[in-house]
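J.: Please read through the structure below; I'll follow up with questions.
The values are calculated or read from the model by the stated rules, or taken from the named source; none is laboratory data. All of these numbers come straight from a predicted model, not from anything done at the bench. Here the Cβ positions follow ideal geometry from the backbone for every residue, glycine too, while neighbour counts run over all protein chains shown. Surface accessibility is based on the protein's heavy atoms, side chains included, excluding ligands, DNA and RNA. Shrake-Rupley method; radii C 1.70, N 1.55, O 1.52, S 1.80 Å.
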Amino acid sequence: MRAITMDRVESTRQEILNIITSPTLTHEQKLTNLAGQADSLLEVLDLPEGLEDLLAPVEGKQCICDLFEGHAPMRPRYIVPDYEKFMKEGSKFLQLEAPKDFFEALNHLLIMYKHVPSITNYPVYVGALDKLLEPFIDEVDEATAKKFIKMFLVHVDRTVLDSFSHANLGPEETKAGRIILECEEELEQAVPNITFKYDADVTPDAYAIRAIQTALKSAKPSFANHKMFAGELTEDYVIASCYNGLRYGGGSYTLCRLILGNIAKRAENIKDFKDRVLPYVMDIQARYMDARVRFIVEDSGFFENHFLAKEGFIHREKFTAMYGLVGLAEAVNILMEKEGKNGRYGQDTEADALGVEIMEQIRAFNDNHDAPYCEATGGHYLLHAQVGIAQDVGITPGTRIPIGEEPEELIDHLKHCSLFHKYFPSGTGDIFPVEVTASKNPEYILDIIKGAFRMDLRYLSFHDKNSDVIRVTGYLVKKSELEKFKAGQRVLQNTTHLGTGAAKNGHILERKVR
Amino acid sequence: MDRKGTRMKKENIKVPVNRIIPFSAVDGPGNRTAVFLQGCNLDCKYCHNPETRALCIHCGACVGKCPAGALSIVQEPTDTMGAKKSRVVFDPAKCVACDTCIHTCKHDASPRIQWMNADEVLAEIQKQMPFIRGVTVSGGECMLYPEFLTELFAKCKELGLHTLIDSNGMVDFSLYPDLLAVTDGVMLDIKAFREEDHVRVTGSTNETVLQNAAFLAGEDKLYEIRTVVVRELFDPAEVIVSIAEFLRPFTDIGRLRYKLIAFRPFGVREQYQIYESPDASYMQQLRLVALQAGFKDIVII
């Protein structure tokens, strides 16, 4: 382990004291932040030369961001346990046999959630709840089922303190799924985030409408293009965290992101960006991720010792990692300006074509980089359109069009999305607040989803512009909780803090209403 | 010329298009492209888009008022002996949609209309595929252009699109069987039931409207009926009950959608902004009246 300076130790000590005395952090939030400070003092990773300069957190200059994963990752960033196996077999470590009835099934899941780690210390995936509960659903009458599912969902919302936690539904219609959708419409909660895997050939229209009605009220579920994900990741895929496509029983070791706008600033022109600057940064990010992956697999001891791995709820061979990017919009706009051109990303054909060329180059790079321990995804990382973090200023998530510059007509916005969604098997997505008139016509939304998925869009979210629960970038917050936090009160969920930053820096409350 | 030639099927005719809304959530089921044609044959006091009523007379009053320079006057030769006439020309690229021209116009017209044929309108509709399930043509009064509708809808049907007409019912639908054959349904205004009420609201009698309602119901082409509720102009409850009795012989009115629209002053000409907007509780009372009359699919707006 490499030495560090006393200055760094002193500044970390000050940070630790700030966390301990913070008036707005809850106890759990303090513990998480303290752990982050502890591991920030370590220097054990084999870092590529040139990384430090690209990673330095200087606003407007940082080119690579490792999203708070710390200096010595002790577990994969995202973990996707095989909950079906748990429901069939129970767990020795948790001293639980397989659940015998509906009530035990709910209780088992709540217990398991407290033992699934992640970057946030909360489970980023809580299961395909419809499929997990359907075998038990007819043991009780519907009113009882609904009452207990509602209690279960409230329990999750108040104890899994993070809306990166994600449940999946569909594409098949189930009674359990319908009850969950009804409950979420009534509860209007931020946690868990929910994705509905939609396949027009499998999902009945009436069931999709049921899901849309819930989405308009509570900003979830979002809709994933089931055929597209299944084609890339096999049917054994899940949507976890914000909107991340991952293998079931696996997960993602790490996620780092290219900040493309800042990378473009270092280039003379488009040619220089493509020939010199971008390849240099892409290579360093890839090798940085390689080092993180190797530490988790070879040194951390996670896969040898954690009960999830030992009991076969996760398999190292099903893990991959996510090669992320943000700010394609800024990169394109900066490069167009350097070429003396006016066209802007999302509004101009030439600018959009440049965006596609950059994405093709990133895809080609990733396809040629041999990633360690990623046999689950062909020995390569998966591209990911990262949704941004609260601190991002002037950085648009993934390949989205900046808020305030969206095309006048939704059709043009969707066509733009169709150029870019296909590059990201490990996730991308766009968010559309809609007018009340659309809320009265859920078939309107269904037609858009059907058309979108035929046009290679991957992932769409809708909510009524007036709803309390809204989607920030990928995760959910309640506007009423944002107000409390802004007024200086403690709030339960970590993501409310992030949402406050995103509202200020990312203008997420100002999206164009459709 | 053969016998067919003497009938001269009108094709490729151009119609005045007020606007095309690519995605509409409020003009029928699902997501639809809505096409609004210019010109109307009624004069409803509560009309909320009076600028769609008439065709531009090229007086030029709006040209100088346009802040974006999107309007200009050109001199065009007429057919006769080189005489020239003025025309107001609109440049959509410059328009900022501020509506100043519409507010300036004293003739219930708009200088922003585009004359388009069925192929041109179809090209605009196709841009939205596969995101839309259908097309709704409205107005103004789109039944002033039945040949255009027939041609457009026939082409829409080839593309698998659902087709709806939004009409005030003043043109006799039974005269256009070819159009009905390519039309999935009509959304029909029944603005009042008693003749004197209809005259008060619209300036015209409703004999053709009711005849159309019965005809379309019998043909299973009546997708929806609607009434704008203005208590000062007629008794809304009586209208609902009368329509139910009138249509019962022709269709199962339980299957018919009835849309009751509360009058709102937005867009209405100044001299008619005198009516009260009925509140939500009154509209709910009307829902009950409609339910008792036998309607089941009632939409309050």
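J.: What number, rounded to the nearest 500 deg cm²/dmol, is the helix-based mean residue ellipticity at 222 nm of chain B, given -39500 (n - 2.57) per DSSP H run of at least four residues and division by all its residues? Don't skip to the answer; put the middle values down first.
T.: Details: 9 runs with 83 residues, N = 301.
Helices in chain B give a 222 nm mean residue ellipticity of -8000 deg cm²/dmol.
J.: How much accessible area does residue A:280 have with a 1.4 Å probe, in Å² rounded to the nearest 10?
T.: We get 110 Å² for residue A:280.
J.: Next question, about the same structure. Using the Karplus equation 6.51 cos²θ - 1.76 cosθ + 1.60 (θ = phi - 60°), what ³J(HN,Hα) coupling, rounded to whole Hz, does each residue of region A:466-478 give in order, writing x for Gly and Pro?
T.: In residue order, the calculated couplings are 9, 6, 6, 7, 9, 8, 7, 10, x, 9, 10, 9, 9 Hz.
J.: On to the next question. Using modelled backbone amide H atoms (1.01 Å from N, in-plane), which distant-in-sequence or interchain residues come within less than 5 Å of residue A:222's amide H?
T.: A:194, A:195, A:196
J.: If one takes the accessible area of chain B alone plus chain A alone and subtracts that of the pair, with a 1.4 Å probe, what total in Å², rounded to the nearest 100, results?
T.: Protein heavy atoms only, the B-A interface buries about 1300 Å².
J.: Could you name the lysines whose alpha carbon sits less than 28 Å from that of residue A:271, not counting residues in the same chain fewer than 8 places away?
T.: List returned: A:61, A:338, A:341, A:415, A:422.
J.: Separation of region A:124-186 and region A:407-423 by C-alpha centroid, Å?
T.: Here the answer is 32 Å between Cα centres.
J.: Hey, what do the phi angles of region B:232-245 turn into as Karplus ³J(HN,Hα) couplings, whole Hz, using 6.51/-1.76/1.60 and θ = phi - 60°, x for Gly and Pro?
T.: 6, 9, 6, 8, x, 4, 5, 4, 4, 5, 5, 5, 4, 5
J.: Can you tell me the convex hull volume per residue for region A:90-176, based on C-alpha atoms, in Å³ to the nearest whole number? Intermediate values should be presented prior to the final figure.
T.: Details: hull volume 8.2 nm³, N = 87.
In region A:90-176, the Cα convex hull volume per residue is 94 Å³.
J.: Considering only B:175, B:161, B:122, give the residue with the highest GNM mean-square fluctuation for chain B, with springs between Cα atoms whenever their separation is below 10 Å.
T.: Maximum fluctuation in the GNM of chain B, among the listed residues, is at B:175.
J.: Which ³J(HN,Hα) values in Hz, rounded to whole numbers, follow from the phi angles of region A:367-378 under the Karplus curve 6.51 cos²θ - 1.76 cosθ + 1.60, where θ = phi - 60° and Gly and Pro get x?
T.: Calculated HN-Hα couplings, in order: 5, 9, 8, 7, 8, x, 6, 10, 4, 4, 10, x Hz.
J.: Taking square-rooted eigenvalues a ≥ b ≥ c of the alpha carbon gyration tensor, is region B:83-198 rounded, prolate or oblate, where a/c under 1.5 means rounded and, failing that, a/b exceeding b/c means prolate?
T.: Numbers: a/c = 1.86, a/b = 1.19, b/c = 1.56.
Note, shape of region B:83-198 comes out oblate.
J.: Based on the alpha-carbon gyration tensor of the protein assembly as shown and its eigenvalue square roots a ≥ b ≥ c, which shape applies: rounded if a/c is under 1.5, prolate if not and a/b is larger than b/c, or oblate? Working shown, then result.
T.: Numbers: a/c = 2.36, a/b = 1.68, b/c = 1.41.
It comes out prolate by the Cα gyration axes.
J.: Which order do the peptides B:20-31, B:260-271 come out in when sorted by mean C-beta neighbours inside 10 angstrom, highest first? Mind dumping the intermediate values first?
T.: On the way: B:20-31: 21.4, B:260-271: 14.9.
Going from most to least packed, we get B:20-31, B:260-271.
J.: Follow-up question, since we're still on this one. What is the average number of partner chain Cβ atoms found within 10 Å of a Cβ in A:452-462? Before the final figure, lay out each step's value.
T.: Details: counts 2, 1, 3, 3, 0, 0, 0, 0, 0, 0, 0.
Going residue by residue through A:452-462 and averaging, the value is 1.
J.: May I pose another question? Nearest 500 deg cm²/dmol is fine: what mean residue ellipticity at 222 nm does chain A get from its DSSP H runs of n ≥ 4 alone, each adding -39,500 (n - 2.57), divided by its residue count?
T.: Numbers: 21 runs with 220 residues, N = 514.
Mean residue ellipticity, 222 nm, calculated: -13000 deg cm²/dmol.
J.: Same structure again: Provide the FRET efficiency to the nearest 0.05 for the residue B:68-residue B:43 pair, computing r from the beta carbons and using R0 = 30 Å. Please list the in-between numbers first.
T.: On the way: r = 31 Å, r/R0 = 1.02.
Computed FRET efficiency for residue B:68 and residue B:43: 0.45.
J.: Another question about this same structure. Which of the residues in region B:128-150 lose at least 40 Å² of accessible area when you go from the chain alone to all protein chains together (probe 1.4 Å)?
T.: At a threshold of 40 Å² (probe 1.4 Å), the residues of region B:128-150 that become less exposed are B:130, B:131, B:133.
J.: With a 10 Å radius around each residue's Cβ, average the other Cβ atoms per peptide and rank A:130-138, A:70-78, highest first. Show your work: numbers first, answer last.
T.: Working: A:130-138: 18.8, A:70-78: 22.0.
So the order, starting with the most tightly packed, is A:70-78, A:130-138.
J.: Further question on the same structure: What average count of beta carbons from other chains do you get within 10 Å of the Cβ of residues in A:438-448?
T.: On the way: counts 5, 1, 4, 9, 2, 7, 12, 3, 3, 12, 6.
Partner Cβ neighbours, averaged per residue: 6.
J.: Hey, another quick one. Scan around residue A:469 for amide H atoms under 5 Å from its own, H built in the peptide plane at 1.01 Å from N, and keep only partners 5 or more places away or cross-chain.
T.: A:479
J.: Could you pull out every residue, at least 5 positions away or on a different chain, whose amide H is within less than 5 Å of the one on residue B:37? Hs are placed 1.01 Å off N in the peptide plane, and Pro or chain starts have none.
T.: The answer is B:18, B:138, B:139.
J.: Let me ask you something else. Can you tell me the accessible area per residue over region B:57-110, all protein chains present, probe 1.4 angstrom, in square angstrom? Don't skip to the answer; put the middle values down first.
T.: On the way: 3510 Å² over 54 residues.
Solvent-accessible surface per residue comes out at 65 Å².
J.: Average partner chain C-beta neighbours within 10 Å, per residue of A:407-417? Numbers along the way, then the final one.
T.: Details: counts 0, 2, 5, 5, 9, 2, 0, 3, 3, 0, 0.
Averaged over the peptide's residues, the number is 3.
J.: Along the Cα→Cβ direction, 7 angstrom out, place labels at residue B:83 and residue A:6. What is the inter-label distance in nm?
T.: Placing both labels 7 Å beyond Cα along the Cβ direction yields 10.3 nm.
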